[in-house]
């Protein structure tokens, strides 16, 4: 089976600044992977390149063997680090929108999650609290039967209780053959669900290892190793 | 997928569009019933008649320009927001191609602009179709028909059809300017505005140049056509040249927009 994501010499420049520099990386299926690194290390750039939101300066990125295109977008479920929906839309309209465009969207699963959150289908998105908006976004993304879930800072702006809910949602809704790539700064909160971590530093790969390997090889938690590697 | 994209594009601006156009039609009906129907073209003094017509015409021109601008702003903001602001994070990750996005915006934008032109045409018809206006016009009809080279109704229909056709060029030029603005990440809106003004300047310059070159500018005699022709000849000559220019520029702008969308979109 093909790797779900593969980068070869991937480079992205903004003016003279290298956001990603000659990155070579392969992600296999069936793992939850933490994409970690300090601000400006290239995490969001890599995620945007995988979703076709940026054009590489050099090198290439492949999803299931294809450069980002409508076919790869069918199998990638992406949660950006910002609100990406038209906030004037009602929740019911957003559900219909997802159902219209994504063949792998499960209306039943989405409704179940929204019911658990007690989110009114008639409410407009802009009327929801920040936490409920983020949970709604996540519910939509996780209601797709995707091969690759890319979650950019899914727990960044919510309280600890909501973080638990979000992590639980991720764990209970992804297909075991699928890969989940999570970018975050809050390593301690997600460490327990990760199979593998990727450290990015200055747009380059600093570490790509299984969480268990880190624990046995370094005798440290991922959070502790991160603090050591990226010490200011 | 294209049909679904068009459906959501139309739906996004529908309420405001309908409201604006319903208000315009209501204003036309109001103006016709309260002012135009009360104009007495036979017994009123020339000065009072001219004053009343000047006021009504100015007001209606203002409303028509405002309505047209409103429709244009609706499609402009939809294109920018949906593709290049935070909503772009969803739009560009839908399983559709950049070409489908572009065509959905062109088709929905054209539908709105063309519909707006139809409503403006209907509004003008409401204003000028009163019995008093028709009777007053009949007294000057022969001179107008001779000057135009055709009846005023044929002239109006031709102008209306040209306007409907010209909407496509407005839509493509607008999208072209916004897309060009995206090439300058630090100043997207400013550069889109600059692209709009520069493009308009070039179009105006080329139109004027061609009109003078082919002698279609009233009162100007060129090497190709002698002076003393009816006004309609100048108007239709200018319109024909503008149409060719419009078609060529629209094709060029479409190609450039397509290339930028395909190869240069960077959502920062």
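The values are calculated or read from the model by the stated rules, or taken from the named source; none is laboratory data. Here the structure is a predicted model, which means the values were calculated and not measured. Every residue, glycine among them, receives a Cβ derived from its backbone with ideal geometry; neighbour counts consider all protein chains shown.
Determine whether residue A:75 is within 25 Å of residue A:1 (Cα to Cα), within 16 Å of the chain's Cα centre (by Cα), surrounded by fewer than 22 Cβ atoms within 10 Å (Cβ to Cβ) and more than 8 Å from chain B (Cβ to nearest Cβ). Steps first, please.
Working: within 25 Å of residue A:1 (Cα to Cα): yes; within 16 Å of the chain's Cα centre (by Cα): yes; surrounded by fewer than 22 Cβ atoms within 10 Å (Cβ to Cβ): yes; more than 8 Å from chain B (Cβ to nearest Cβ): yes.
Criteria met by residue A:75.
Across region A:98-117, what is the number of residues that are within 14 Å of chain B (Cβ to nearest Cβ), crowded, with 18+ Cβ neighbours inside 10 Å and part of a helix (DSSP H, G or I)?
Residues meeting the conditions: 2.
How about region B:166-206: which of its residues are surrounded by fewer than 16 Cβ atoms within 10 Å (Cβ to Cβ) and more than 14 Å from every other protein chain (Cβ to nearest Cβ)? Reasoning before the result, please.
Initial filter on region B:166-206 (surrounded by fewer than 16 Cβ atoms within 10 Å (Cβ to Cβ)): B:183-187, B:189-190, B:193-194, B:197-198, B:200-202, B:204-206.
Correct list: B:189, B:190, B:193, B:194, B:197, B:198, B:200, B:201, B:202, B:204, B:205, B:206.
Condition check ((1) assigned to a loop (DSSP other than H, G, I, E, B); (2) under 22 Å from residue A:173 (Cβ atoms); (3) more than 9 Å from chain B (Cβ to nearest Cβ); (4) modelled with pLDDT of 90 or more) across all residues:
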| site | (1), (2), (3), (4) |
| --- | --- |
| A:35 | no, yes, yes, yes |
| A:40 | yes, no, yes, no |
| A:96 | no, yes, yes, yes |
| A:119 | yes, yes, yes, no |
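Any residue that is assigned to a helix (DSSP H, G or I) and surrounded by 14 or more Cβ atoms within 10 Å (Cβ to Cβ) - is there at least one of those in region B:36-44? Write out each step before concluding.
Taking region B:36-44 first, the residues assigned to a helix (DSSP H, G or I) are B:36-38.
Imposing the further condition that a residue be surrounded by 14 or more Cβ atoms within 10 Å (Cβ to Cβ) reduces the set to B:36.
Yes; the residues of region B:36-44 include at least one that is assigned to a helix (DSSP H, G or I) and surrounded by 14 or more Cβ atoms within 10 Å (Cβ to Cβ).
Quick one: residue A:55 ticks every box in (1) surrounded by fewer than 15 Cβ atoms within 10 Å (Cβ to Cβ); (2) within 9 Å of chain B (Cβ to nearest Cβ); (3) touching a strand residue (DSSP E or B) at 6+ places or on another chain (Cβ under 7 Å) bar one, so which box is it?
Among (1) surrounded by fewer than 15 Cβ atoms within 10 Å (Cβ to Cβ); (2) within 9 Å of chain B (Cβ to nearest Cβ); (3) touching a strand residue (DSSP E or B) at 6+ places or on another chain (Cβ under 7 Å), the lone unmet condition for residue A:55 is (3).
Quick one: how many residues across region B:218-268 are touching a helix residue (DSSP H, G or I) at 6+ places or on another chain (Cβ under 7 Å), within 14 Å of chain A (Cβ to nearest Cβ) and at pLDDT 85 or above?
Qualifying residue count, region B:218-268: 3.
Given the criterion in a helix (DSSP H, G or I), modelled with pLDDT of 85 or more and closer than 25 Å to residue B:234 by Cα, identify the matching residue among B:75, B:126, B:120. Steps first, please.
Details: B:75 fails: closer than 25 Å to residue B:234 by Cα; B:126 fails: closer than 25 Å to residue B:234 by Cα.
One residue alone meets the criteria, B:120.
In a helix (DSSP H, G or I), touching a helix residue (DSSP H, G or I) at 6+ places or on another chain (Cβ under 6 Å) and surrounded by fewer than 16 Cβ atoms within 10 Å (Cβ to Cβ): does that describe residue A:162? If you could, list the steps in order and put the result at the bottom.
On the way: in a helix (DSSP H, G or I): yes; touching a helix residue (DSSP H, G or I) at 6+ places or on another chain (Cβ under 6 Å): yes; surrounded by fewer than 16 Cβ atoms within 10 Å (Cβ to Cβ): no.
So residue A:162 does not fit the description; no.
How about region B:115-125: which of its residues are surrounded by 18 or more Cβ atoms within 10 Å (Cβ to Cβ) and under 11 Å from the mean Cα position of the chain (by Cα)?
B:116, B:117, B:120
Taking region A:168-177, which residues are out of contact with any helix residue (DSSP H, G or I) (no Cβ under 9 Å at 6 or more places or on another chain) and closer than 23 Å to residue A:2 by Cβ? Lay out the reasoning, then the answer.
Applying the first criterion (out of contact with any helix residue (DSSP H, G or I) (no Cβ under 9 Å at 6 or more places or on another chain)) to region A:168-177 yields A:168, A:175-177.
Of everything in region A:168-177, those that are out of contact with any helix residue (DSSP H, G or I) (no Cβ under 9 Å at 6 or more places or on another chain) and closer than 23 Å to residue A:2 by Cβ turn out to be A:175, A:176, A:177.
Determine the pairs where a residue that is assigned to a helix (DSSP H, G or I), located within region B:228-242, has a partner that is at pLDDT below 75 and surrounded by fewer than 18 Cβ atoms within 10 Å (Cβ to Cβ) with Cβ atoms under 6 Å apart, the partner being 6 or more residues away or on another chain.
B:234/B:218
Can you tell me which residue is farthest from the other protein chains (Cβ to nearest Cβ) among those in region A:82-93 that are in contact with a strand residue (DSSP E or B) (Cβ under 8 Å, 6 or more places away or on another chain) and surrounded by fewer than 18 Cβ atoms within 10 Å (Cβ to Cβ)?
That would be A:90.
Just to be sure, is residue B:86 surrounded by 15 or more Cβ atoms within 10 Å (Cβ to Cβ), within 14 Å of another protein chain (Cβ to nearest Cβ) and part of a helix (DSSP H, G or I)? Talk me through it step by step, then tell me what you get.
On the way: surrounded by 15 or more Cβ atoms within 10 Å (Cβ to Cβ): yes; within 14 Å of another protein chain (Cβ to nearest Cβ): yes; part of a helix (DSSP H, G or I): no.
Spelling it out, it is not the case that residue B:86 is surrounded by 15 or more Cβ atoms within 10 Å (Cβ to Cβ), within 14 Å of another protein chain (Cβ to nearest Cβ) and part of a helix (DSSP H, G or I).
How many residues, within region A:12-33, are within 14 Å of chain B (Cβ to nearest Cβ), surrounded by fewer than 18 Cβ atoms within 10 Å (Cβ to Cβ) and outside any loop (DSSP other than H, G, I, E, B)?
3
Is it true that residue A:47 is more than 14 Å from every other protein chain (Cβ to nearest Cβ) and either touching a strand residue (DSSP E or B) at 6+ places or on another chain (Cβ under 9 Å) or in a loop (DSSP other than H, G, I, E, B) (or both)? Before you say what the answer is, go through the steps one by one.
Details: more than 14 Å from every other protein chain (Cβ to nearest Cβ): no; either touching a strand residue (DSSP E or B) at 6+ places or on another chain (Cβ under 9 Å) or in a loop (DSSP other than H, G, I, E, B) (or both): yes.
So residue A:47 does not fit the description; no.
Select from region B:11-28 the residues that are away from every other protein chain (no Cβ under 14 Å) and either in contact with a helix residue (DSSP H, G or I) (Cβ under 8 Å, 6 or more places away or on another chain) or outside any helix (DSSP H, G or I) (or both) and write down the one among them that is surrounded by the fewest Cβ atoms within 10 Å (Cβ to Cβ). Break it down stepwise before answering.
Of region B:11-28, the ones away from every other protein chain (no Cβ under 14 Å) are B:17-28.
Okay, now just the ones that are also either in contact with a helix residue (DSSP H, G or I) (Cβ under 8 Å, 6 or more places away or on another chain) or outside any helix (DSSP H, G or I) (or both), so B:17, B:20-21, B:24-25, B:27-28.
Values: B:17: 19, B:20: 17, B:21: 21, B:24: 22, B:25: 15, B:27: 17, B:28: 22.
Here the residue is B:25.
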